[in-house]
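The values are calculated or read from the model by the stated rules, or taken from the named source; none is laboratory data. None of the values given here were measured: they were computed from a predicted structure. Neighbour counts are summed over all protein chains in view; Cβ atoms, including those assigned to glycine, are modelled from backbone coordinates with ideal geometry. We work out accessible area using only protein heavy atoms, side chains counted, and drop any ligands, DNA or RNA first. Shrake-Rupley method; radii C 1.70, N 1.55, O 1.52, S 1.80 Å.
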Amino acid sequence: MNLAIIGTGYVGLTTGTCFAEVGHRVVCVDNNAEKVQMLLEGRMPLYEPDLEYMIRSNVDAGRLKFTTNLESAVEECEIIFIAVPTPPHADGSVDLSYIEGVSHEIADALKPGLGYRVVVDKSTVPVSTGGKVYQVIERYAPLGVDVDVVSNPEFLREGSAVHDLMNPDRVVIGSDSQRAMDMMKRVYQPFNAPIVEVDLASAELIKHAANSFLALKISYINAVSAVCEKAGADVELVARGIGMDRRISSHFLNAGLGYGGSCFPKDVKGFINVSEQLGAPMEILKEVERVNAAQLERFLGRIRKKLWVLRNKKIAVWGMAFKKNTDDVRESVAIKLIKRLREEGACVSAYDPKASETGARALAGYDVTICDDMYECARGAEVLVVATEWKQFATANLVKVRELMRLPIMFDGRNIMHAENAVHAGFEYHSVGRKTLGRTNLRG
Ligand code: UDX
Ligand code: UDX
C-alpha cells in the first residue's frame, strides 16, 4: 500500500521505516527541511537501535522516501498518518496546534479526483480529537473529497522502537467507518498482531489510559520503595514477589528516579486535563505525578545528607538520556538531577553513551563538564550517581572507577549496579528502596 507519514520524529520515522520493511511504499514527510536533507543524505537525525540499517535497506529497495512536500505525499498515498508533536501547555492541556495545522494542510492538498483517503492520527491526543480533525478537513477541503479519519495510537518505546513496532502486543484501530477499518487492517496484516477494533473515541482513550496506567505502575513501586527504605526492606525483592503474580506482571515495576521522557509526563498531565474537562477527574493521576516528583527529591535529600553541603563537591553523573538506548533527553530525570546539583553549587561531570550532544544542549548555561569517557567522568569525584539504566554502567570495571574517585560513594538511581560487586570494589553503595551497603564510616 502507499502510505504517507507526516512528522519524521522518533515515532514517525520508526513507524514509516517498519511499514516499508513489511513491504509498503512509504513517504515520510517533515516540515523541517534540515531533517529531511539529513535523511536524504543517509544521515540519522536521532539515535534508535537497529533503525539506521533498516532505513538504508528500505531506501535502497525503493520503498522508503523522504520529502518536505506534503501535497505530493497526499496525492500519492491512500493512507496518511499524522505523527507530529502534541506537547503540553503550561496548564497541562494538550497543544493541538500542530495536529490542526497538518489537518489543514492535508485538506488543502486533497483534490476531488484523488479517490478515497484515510487520515490516521498516530500522535497521542485527547479523546474526541479525531472528530475535530475530520471537521477541519471537511471545512477546508474542496467539496466532493472522500475521506475518513482513524485513530491508531502507537505504543512503541524509545530504545526498543523497531522491536516494538515489528512485534506489537496489539494494534489498536479506532474508526467509525468499516471501509477505513478494512484498509487499516490491510496495513497491519503483515505484522501478525492481534487487532483491537474499536470506535474512534475509545482508541484515543486507550492510549491516554495505557500510558497513564504504566506511569501509575512505576509510581506505585516508587512509593513502595520509599516504604522499603524506612522499613529496611528491599524493593527489588518486593517487586519480584508481586510481579510473579501474572495479574500484576513484572514489567514496569523497576523502582528508580521516576519516569521521564516525551510521553509519560505529558500524557499523565494530558489525561488529568481531559478528564477534568469531561467532569470525571482522574484524581489518582495527581498522586502519580506527586510520587514521581518526590522520588527525585528524596534521592537528592539522601545525597545531601551524605555530603552535608553540596557546594563545590565533585559529583559524577552517569547517564543523561531519559532511559537507556536512546539519545533523547526530553523530560529526562537525569537532566533534572544534574540541574538541581548545579543549582546547589556542586561541580558536575556527566557522561552518556549516546546523549552527550542532546544532553549538552539541554544543560547549556549550567556549566557541566560533559565527558566522552565514563571513567574520566568519575575522576576525582566524591560521589558517582547512576541516573540512566545503560547496560554499560552495570558492567563497568568498578575497581578502576573507585581508584579514580576521591571518595568511594555511589548512588545508584536505577538499581542497575551489581550491589555485591560495588561493595567488593570498596564502594559505599546507596540505591533506591534498599539498604545502604558497604563502608559507612568514610572519612569526609
Ligand atoms: C510525536 C508522537 O507522534 C506523538 O505521539 C507524541 O504525542 C509527540 O509527538 P515524537 O516522534 O517523539 O512524538 O516527536 P518528535 O521527535 O518531536 O517528531 C515530530 C516531528 O514532526 C518533527 O520531526 C517535526 O519537525 C515534525 N513536524 C512538526 C512536522 O513535520 N510538521 C509540523 O507541523 C510539526
Ligand atoms: C512510553 C510507553 O512505554 C510507550 O508504550 C509509549 O508509546 C510511549 O511512552 P517511552 O517513554 O519511550 O515509552 O519509554 P519507557 O520504556 O516506557 O520508559 C519511560 C520512563 O519510565 C523512563 O524514564 C524509564 O526510565 C521509566 N521507567 C520505565 C521506570 O522508571 N521504571 C520502569 O519499570 C519502566
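Set Lys and Arg Cβ to +1 and Asp and Glu Cβ to -1, take the dipole of the chain about its Cα centre, and tell me which of F299, G279, A360 lies farthest positive. It is F299. The simple spin-label model puts a point 7 Å past each Cα toward its Cβ; for A293 and N69 those points are separated by 4.9 nm. Whole-percent P(r), the range 287-444, all Cα pairs, 10 Å bins from 0: 11, 45, 37, 6, 0. The residues of the range 207-290 present an accessible area of 51 Å² per residue when probed at 1.4 Å with all protein chains retained. For the chain, the longest principal axis of the Cα atoms and the long axis of helix 129-140 meet at an angle of about 40 degrees.
The range 168-206 to the range 1-56: how many Å between their Cα centroids? Spelled out, the Cα-based centre of one part sits 22 Å from the other. Using a simple spin-label model with pseudo-atoms 7 Å out from Cα toward Cβ, A193 and R439 lie 5.0 nm apart. Report the local net charge at G113: Lys and Arg +1, Asp and Glu -1, summed over other residues whose C-beta lies under 13 Å from its C-beta. Residues close to G113 contribute a combined charge of 0.
So what is the relative contact order of the range 37-129, in percent, for Cα pairs below 8 Å that sit 6 or more residues apart?
29 percent
Scalar couplings 3J(HN,Hα) for the range 396-404, obtained by applying the Karplus form with A = 6.51, B = -1.76, C = 1.60 to θ = phi - 60°, are 5, 7, 6, 5, 4, 4, 4, 5, 7 Hz; x denotes Gly and Pro. The Cβ shell under 14 Å around L398 holds other residues with a net charge of -1, Lys and Arg each +1, Asp and Glu each -1. A Förster radius of 41 Å, combined with the Cβ-Cβ distance separating A360 from D176, puts the computed FRET efficiency at roughly 0.30.
Projecting the Cα atoms of M181, A425, Y220 onto the dipole axis of the chain, where Lys and Arg carry +1 and Asp and Glu carry -1 at the beta carbon, places A425 farthest toward the positive end.
State the percent of C-alpha pairs, over all pairs in the range 1-48, separated by a distance greater than 18 angstrom.
So the portion of pairs separated by more than 18 Å is 23 percent.
With contacts taken as Cα pairs under 8 Å at a separation of at least 6 residues, the range 304-368 carries a relative contact order of 39 percent. Using a Gaussian network model of the chain with C-alpha springs under 10 Å, which one of R247, R56, R402 is most mobile by mean-square fluctuation? Result: R247 has the largest fluctuation of those listed.
When the helices of the chain are scored as -39500 (n - 2.57) per DSSP H run of n ≥ 4 and the total is divided over every residue, the value at 222 nm lands at -13500 deg cm²/dmol.
Here the spin labels are modelled as points 7 Å beyond Cα on the Cα-Cβ line, and at A233 and D50 they lie 3.7 nm apart.
Charges at C-beta only: +1 for Lys and Arg, -1 for Asp and Glu. How large is the resulting dipole of the chain about its Cα centre, in Debye rounded to 20?
On the way: 53 positive and 57 negative charges, 450 e Å.
Result for the chain is approximately 2160 debye, rounded to the nearest 20.
Comparing mean-square fluctuations of P153, P85, P190 from a GNM of the chain with C-alpha springs under 10 Å, the top value falls on P190.
Just for the chain, what percent of DSSP beta bridges are antiparallel, to the closest 5? Expressed as a percentage, antiparallel bridges in the chain total about 5.
Compute the signed sum of charges (Lys and Arg +1, Asp and Glu -1) over the other residues within less than 10 Å, Cβ to Cβ, of C371. Don't skip to the answer; put the middle values down first.
Values: positive: R379; negative: D352, D372, D373, E376.
So the surrounding residues net to -3.
Which of the three applies to the range 184-292, rounded, prolate or oblate, going by the alpha-carbon gyration tensor with a ≥ b ≥ c and a/c under 1.5 meaning rounded? Note, shape of the range 184-292 comes out oblate. Between the C-alpha center of the range 331-400 and that of the range 119-139 there is a gap of 41 Å.
Any of K207/K391; K266/K323; K217/K435 with alpha carbons more than 18 Å apart? Name them for me. If you can, show how the numbers build up before the last one.
Working: K207/K391 29 Å; K266/K323 16 Å; K217/K435 22 Å.
Long pairs (Cα-Cα over 18 Å): K207/K391; K217/K435.
Ligands, DNA and RNA left out, the accessible area of the chain computed with a 1.4 Å probe is 51% carbon and sulfur. Relative contact order, whole percent, for the chain stands at 11, derived from Cα pairs under 8 Å and 6 or more residues apart.
Computed from Cα positions, the angle between helix 264-277 and the longest principal axis of the chain comes to roughly 60 degrees. A Förster radius of 35 Å, combined with the Cβ-Cβ distance separating N167 from R302, puts the computed FRET efficiency at roughly 0.35.
With one equal scatterer per alpha carbon and no solvent term, the Debye-computed log10 I(q)/I(0) for the range 12-89 at 0.17, 0.27 1/Å reads -0.64, -1.52. Of the options I137, P126, V149, report the single residue whose Cα projects farthest towards the positive end of the charge dipole of the range 109-189 (beta-carbon charges: Lys, Arg +1; Asp, Glu -1). With unit charges placed on the Cβ atoms, the residue in question is I137.
Please report the orientation-averaged projected area of the range 21-141, defined via the convex hull of its C-alpha atoms, in nm². Let's see the in-between values first.
On the way: hull surface 35.3 nm².
Over all viewing directions, the range 21-141 projects a mean Cα-hull area of 8.8 nm².
Basic side chains Lys and Arg get +1 at the Cβ, acidic Asp and Glu get -1 at the Cβ, and with that the dipole of the range 294-430 about its Cα centre reaches some 420 debye. The HN-Hα couplings worked out from phi for the range 56-72 by the Karplus form 6.51 cos²θ - 1.76 cosθ + 1.60 (θ = phi - 60°) are 4, 5, 7, 5, 4, 7, x, 9, 10, 10, 10, 7, 9, 8, 5, 4, 5 Hz, whole numbers, x standing for Gly and Pro. Students often forget the sequence filter, so: which lysines lie under 18 Å Cα-Cα from K65 once same-chain residues fewer than 8 apart are removed? Cross-link targets: K35. Can you tell me the orientation of helix 10-21 relative to the chain, as the angle in degrees between its alpha-carbon axis and the longest Cα principal axis, to the nearest 10? Helix 10-21 and the main axis of the chain meet at about 60 degrees.
For the chain, what is the per residue volume of the convex hull drawn over the alpha-carbon atoms, in cubic angstrom? Spell out each step's value before the answer.
Values: hull volume 65.4 nm³, N = 444.
Normalising the Cα hull of the chain by residue number yields 147 Å³.
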